[in-house]
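I have placed the structure first, in the form of structure tokens, so that the comments after it can refer back to it.
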Amino acid sequence: GGYLVDVETETIVAPTAWYAPYFASMQAPLVGQRVPGAREACLKAMAAHDASELEWLTCVGWDAMITDEGPTFFEGNVAAYRTPRRMALSLSLADGFRSWMATRGKRSAAA
């Protein structure tokens, strides 16, 4: 299953019921448990994203695990892979997306 972790407290706060139909009805026995290293993992993922020089790269979903040596990242899922399916909903959505991408520019470190 999937869980939402508060990175400030490094505590599992809820299941990710919104993510997939299975998660909507899953048991959530890990809620309340701590995930030491979650904050460090998020900070490293954000630093990796900020270091990218690819202006089209606006979002990455990092698959990671936290080991005794710290966070280990083993895959980055680029949200653009999902874009064509969503753009197919209508031509106006596709035009709006292209316009947004043309004016988006590189994400600032402050964002």
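The values are calculated or read from the model by the stated rules, or taken from the named source; none is laboratory data. Every value quoted in this text rests on a predicted model; they were computed, and no experiment measured them. Heads up, the Cβs are rebuilt from the backbone with ideal geometry, glycines too, and the neighbour counts pull from every protein chain shown.
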* Any hit, region 48-60, residues being modelled with pLDDT of 70 or more, within 23 Å of Gly2 (Cα to Cα) and of a type in the set (Phe, Trp, Tyr) -> no
* Pairs with Cβ under 6 Å, 6+ apart, first in region 17-28 and hydroxyl-bearing (Ser, Thr, Tyr), second outside any helix (DSSP H, G or I) and surrounded by 10 or more Cβ atoms within 10 Å (Cβ to Cβ) -> Tyr19/Gly2
* Being at pLDDT 80 or above and of a type in the set (D, E, K, R) is the filter; apply it to region 61-102 and report the residue that is surrounded by the fewest Cβ atoms within 10 Å (Cβ to Cβ). => Asp68
* Asked: Given Ala51, Ala20, Ala28, which one is surrounded by 13 or more Cβ atoms within 10 Å (Cβ to Cβ) and on the phi < 0 side of the Ramachandran plot?
  -> Ala28
